[in-house]
Amino acid sequence: MRDTIKSVEAFQLEWIPGNSRLTNSGWVRIATEAGVVGYGEVSPMMGGEHSIDIINRYVAPMVVGADPLDHAVLYDKALHKLVKLGPEGAVTGALAGVDIALWDLKGKLLDQPIYKLLGGAWRTELPFYSSVGGNQDTTVEETVARVERRWRKEQPSAIKFRLDGDRTRQDSDIPGDIAKIRAVRALVGNDMPLAFDANNQYSISGAMQVGRVLEDLGYAWFEEPVQHYHVHAMGEVAQRLSITVSAGEQSYTTQALVDLIRSGVRMVQPDIIKMGGITGLMQCAAICFAHGVEFVPHQTQPGIGHMANLHVLSTVMHMTKPAEYADASGRTDIAFTHPIGPENGRFKLSERSGLGLDVNEEEIARRRV
Ligand code: CA
């Protein structure tokens, strides 16, 4: 007899007591009648609160009683039922969390790691790049110190630094940004691949000015130079510069990803916990392969979404850039009985079934909000 879904629960986890709830993670726990449990994660934006509510209120009643192996059908049924909430953001984040949990269950039911069920891995050890945020209001010296700390500690294959600034400002300190771009190159030397993430803070002309400096200094890519909602402006900047321009972490549907590629962007960064989960990210990989576009998924924090992302990345033939390693704080490690961070400059996938994570259930119960 086939196992069926008995319960679906979405909840917040508080990693650092007393911190704003908006820094919490949103997890999904799905259990079957036979007692098999799968875990997923929703987009952590605003602490995942809105996605959690959508799962508990609308998605859970739709999937309880269903066969977990029907995850892709369940996904599309839920998406088309909820589409009038606005398909972008909280809804796709919610469905991503459920999809990942169902893939984790599928792996456990079939006793295989997810990458095997996706067709096999080209690699189970993945290089990563250190993603260093919060550099809008820092001094040049502070940015250099932040980058240096991560570079020395983590043995990354590349380094990206991000502005993470106020999106209501535009071109607010181009000379200052260029000074940081030059100083970081001087710090690491010419051989270390570098990237710069503007986090949507330039006009087209501001982006052109900064982009030409990045080209001169041999940066590998220039991320989200202009507002993500100005899809054609993003494409224009990508087409006019010779440096690779990337975007897509704020695309929530496969259709939006195709629009970005059609605009001229040639490296896209969909995020597994914002759109589609494992099912959706595999579709994104196929779209990129069909268009000859670089597929370099976005990641925010090591955890369930991160592991799901690695399973997908392991199956991609043309892995042109390392995986993103954004949050090196280790604050989510407590949720797992074995470390999930990098070792010797690599993320590693195990042969354990599902996502390959051993979740510490007692710790999770303690940290549930
Ligand atoms: Ca980014």
Check your understanding: Which whole-Hz couplings ³J(HN,Hα) result when phi for each residue of region 131-147 is put into the Karplus expression 6.51 cos²θ - 1.76 cosθ + 1.60, θ = phi - 60°, listed in order with x for Gly and Pro?
Key -> 10, 10, x, x, 10, 6, 9, 7, 7, 4, 5, 5, 4, 4, 5, 4, 5
Practice item. Output the peptides 318-330, 234-246, 164-176 sorted from most to least packed, where packing is the average of other Cβ atoms within 10 Å over each peptide's residues. Key: 234-246, 318-330, 164-176
Practice item. Considering the options His232, Thr279, Gly341, tell which one lies farthest towards the positive end of the dipole of region 225-359, charges being +1 on Lys and Arg and -1 on Asp and Glu at the Cβ, about the Cα centre. Key: His232
Study note, to complete from the structure: The helix 174-188 Cα axis meets the longest alpha-carbon principal axis of the chain at an angle in degrees, between 0 and 90 and rounded to 10, of 80 degrees
Revision key, fill the gap. One would report the Cα pair-distance distribution of region 117-348, bin width 10 Å, in %, as 8, 34, 38, 19, 2
Exercise for review: For region 239-256, take each phi angle, set θ = phi - 60°, evaluate the Karplus expression 6.51 cos²θ - 1.76 cosθ + 1.60, and give the result in whole Hz per residue in order, putting x for glycine and proline.
Suggested key: 7, 7, 8, 8, 5, 5, 9, 10, 6, x, 5, 10, 9, 10, 9, 5, 5, 5
Check your understanding: Which of the listed residues, Tyr115, Ala247, Thr32, is farthest toward the dipole's positive end in the chain, when Lys, Arg count +1 and Asp, Glu count -1 at the beta-carbon?
Key -> Tyr115
Practice item. For an R0 of 22 angstrom, estimate the FRET efficiency from the Cβ-Cβ distance between Glu362 and His338 and round to the nearest 0.05. Key: 0.90
Review point. Mind listing the phi-derived Karplus ³J(HN,Hα) values for region 38-44, rounded to whole Hz, using 6.51, -1.76 and 1.60 with θ = phi - 60°, and x for any glycine or proline?
Key: x, 10, x, 9, 9, 4, x
Check your understanding: What is the helix-to-structure angle for 204-216, meaning the angle in degrees between its Cα long axis and the longest Cα principal axis of the chain, kept from 0 to 90 and rounded to the nearest 10?
Key -> 80 degrees
Revision key, fill the gap. In debye to the nearest 20, the charge dipole size for region 116-242, taken about the Cα centre with +1 at each Lys and Arg Cβ and -1 at each Asp and Glu Cβ, equals 400 debye
Check your understanding: Within the set Lys77/Lys274; Lys6/Lys321; Lys84/Lys348; Lys6/Lys348; Lys84/Lys321, which residue pairs have Cα atoms separated by over 29 Å?
Key -> Lys6/Lys321; Lys84/Lys348; Lys6/Lys348; Lys84/Lys321
Check your understanding: Hey, got the dipole for the chain? About the Cα centre, +1 on K and R Cβ, -1 on D and E Cβ, debye to the nearest 20?
Key -> 220 debye
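Here, each number is a calculation from the coordinates, and none is a lab measurement. As the structure is a prediction and not an experimental result, all values here were calculated from the model. FYI the Cβ positions are ideal-geometry reconstructions off the backbone, even for glycines, and counts take in every protein chain you see.
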